[in-house]
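A short reminder: the numbers here are calculations on the coordinates, not readings from a lab. These figures come from a predicted structure and were not determined experimentally. Heads up, the Cβs are rebuilt from the backbone with ideal geometry, glycines too, and the neighbour counts pull from every protein chain shown.
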């Protein structure tokens, strides 16, 4: 990341590091057991890195309504574990061999073990949340459980929508937004809401946080789409142009398909989803997308969702103003991190 | 099933049918949504049949301590949904093409969709349990959630233990019992305990139910191993000798490997796990197993676990004696069904 960003987000990044350390410790306590090889497979990607932005969001949203940081971390660990479960299964499905700079779980342990390791993490996320029962009123814990179930269901639906979109040449931006909200936004939303629910925040505050999370979640994914086209393998920790190879209908691809000439459109479609596409073909497809102005369009869309998110957050009535400020910084960080 | 069994278990089977109908209705309400194809994949095996013995156990254990049948069904549906999630992923891993007389989910929708459909059911099980929050005290619902998480974790561990056992030639009966308890028994135990927990049963009663469930669960799996060797494809709804083809260390195989001559042992080992074994090879392996007396040994082991289970059940202090009687019948049914 550029030096000026590190400076701008100094306070956020220090706090993020603090929360990440606490979260990692919590996860290490939860994700252990027998047989050892299964647990090693399950925790592999977690140990390989990750920004822990979801637990950070849980802790901050919790703090906004008076939840002690310690409980926010316990709940945030549950969300992070759930997130990593989705990564293991996604990597199998997308045939991704590299994530966070390391070989993926199915590459190291085989698909069968990777399926079960993902299932184990899924269950461990619920176990982690259940541990809150010793520290928070049971009716809040039940609500938090329900939010985690909802997020898991929604993520699966989002994944299935994406499968369907990969197969179709015609996809609208609205369909993309729905898919992205389900696949990525819902879990980010749950991260925030679980923190606020455990703190006992009133319903109208939960709704404002939902709107914030929805906006940031969508902006985040759009940003991810952009980075997948414009960043480097070194920065991403995985190959660039993966999205093109997998035929993903990113917002950039959807925009480009609508704005290219019929001939160029055919050219792009022929590379989209071509598993054995060469580096040259991928670069040509990427350039076709870029020349339509898709990147600028996507950046602008991300900005719109981002601004709506910030406006919702500014409307909240927190007891801890510093936590809200950090959550706002987190939003900015998400949108600026790739620049 | 033989006519005399139908008569002996007449009352149980009538009640099982009643609970199955209520359970199916509940599941149909929970497992629906968009995209439709994902939900069709998720509910496919559930619609194809299944005895719904787990929800029946939930309802009966709940009734034993005063839980209304209606709430037992809601909780039982959660357990049944979770069970079917494990079947979808198991079928992918075991490359099974047929279950309950129909093609498996990955055969019809492909592995990628089957992984997600399983994940969806997993999440839906927790959603289903969360619906109890409207009807039961939240501290009981939290305990039920924790039991369902525990069962999911334990099933994954059991599956991983089995992977490991498939690879090894030397496996002990103790290892088998641990694996079977985790892979099959734990979810049956959770089925009972969730019913009793929601009813507010005291801890000492939960422990007796655990012992009952553990015994029945293990006896059930031993029985399943026996049926896999001695039944017909028509009765099983799946090919016989699958276990041999997959190299599973069933209790029969473990016993046979210990009691065959070195030459015959080598012969059996050469067919175990041979994916392209011919019908003749499979039959020869099955005969080697049978001639050691493994079937009789396994039946006897099942009986021991079964009797311990019954003794624990008879020790309980239920408020609904009829429910306990039916649960005892359920135990007998499990052990006698294949005869």
Inset, instruction - Please compute the Cα-Cα pair-distance distribution of segment B:1-160 with 10 Å bins starting at 0, giving whole percents from short to long. - result: 10, 38, 34, 16, 2
Legend entry - Cα centroid of segment B:61-139 to Cα centroid of segment A:170-243, whole Å: 28
Legend entry - Evaluated at q = 0.15, 0.19 Å⁻¹: base-10 log I(q)/I(0), Debye formula over Cα of segment B:102-179: -0.79, -0.94
Legend entry - Translational diffusion of segment B:269-339, µm² s⁻¹ [Kirkwood Rh, Cα pairs; Stokes-Einstein; 10 °C; 1.306 mPa s]: 105
Legend entry - Inter-site label distance for residue A:296 and residue B:174 at 7 Å from Cα along Cβ, in nm: 7.3
Inset, instruction - Once you've got the GNM for chain B with C-alpha springs shorter than 10 Å, pick whichever of B:198, B:82, B:282 has the biggest mean-square fluctuation. - result: B:282
Legend entry - Spatial extent of segment A:181-339: Rg and Dmax, with the Cα atoms as the point set, Å: 18.2, 58
Inset, instruction - Could you pull out which residues in segment B:53-83 have an amide N less than 17 Å from a spot 7 Å beyond the Cα of residue B:108, following the Cα-Cβ vector? - result: B:81
Legend entry - Helix A:186-199 axis, angle to chain A major axis (alpha carbon atoms, nearest 10°): 10
Inset, instruction - Round to a whole angstrom and tell me the spacing of the C-alpha centers of segment A:283-339 and segment A:7-48. - result: 25
Legend entry - Linear extension gain, residue B:70 paired with residue B:135, 0.36 nm per residue minus alpha-carbon span: 22.4 nm
Legend entry - Computed lengthening from residue A:21 to residue A:325, 0.36 nm per intervening residue step minus Cα-Cα distance: 107.3 nm
Inset, instruction - For each of B:335, B:177, B:194, count neighbouring Cβ atoms within 10 Å of the residue's Cβ, then give the residues from fewest to most. - result: B:177, B:335, B:194
Inset, instruction - Enter the per residue convex hull volume of the protein assembly as shown, computed from alpha-carbon coordinates, in Å³ rounded to the nearest integer. - result: 151
Legend entry - Residue of A:199, A:20, A:133 that the Gaussian network model of chain A assigns the largest fluctuation, springs spanning Cα pairs under 10 Å: A:133
Inset, instruction - Quickly work out the residue A:36-to-residue B:269 label distance, labels modelled 7 Å from Cα along the C-beta direction, and quote it in nm with one decimal. - result: 2.5
Inset, instruction - Take every Cα-Cα pair in segment A:3-336 and report what % of them are more than 30 Å apart. - result: 35
Legend entry - Distance-filtered residues of segment A:39-61 - backbone nitrogen under 20 Å, label point 7 angstrom along residue A:28 Cα→Cβ: A:39-56
Inset, instruction - Rounded to the nearest 10 degrees, what's the angle between the helix B:138-167 long axis and the longest principal axis of chain B, both from Cα atoms, 0 to 90? - result: 10
Inset, instruction - Could you work out how far helix B:262-271 tilts from the main Cα principal axis of chain B, as a 0 to 90 degree angle to the nearest 10? - result: 60
Inset, instruction - With a cut-off of 16 Å, note down the residues of segment B:2-25 whose backbone N falls inside the zone around a label point 7 Å from the Cα of residue B:47 toward its beta carbon. - result: B:24-25
Legend entry - For chain A, built as a Gaussian network whose Cα springs stay under 10 Å, the top-fluctuating residue of A:83, A:259, A:135: A:135
Legend entry - Inter-copy label distances at residue B:170 (7 Å, Cα→Cβ; nm, one decimal): 6.6
Legend entry - Fewest-first ranking of A:51, A:147, using other Cβ atoms within 10 Å as the exposure measure: A:51, A:147
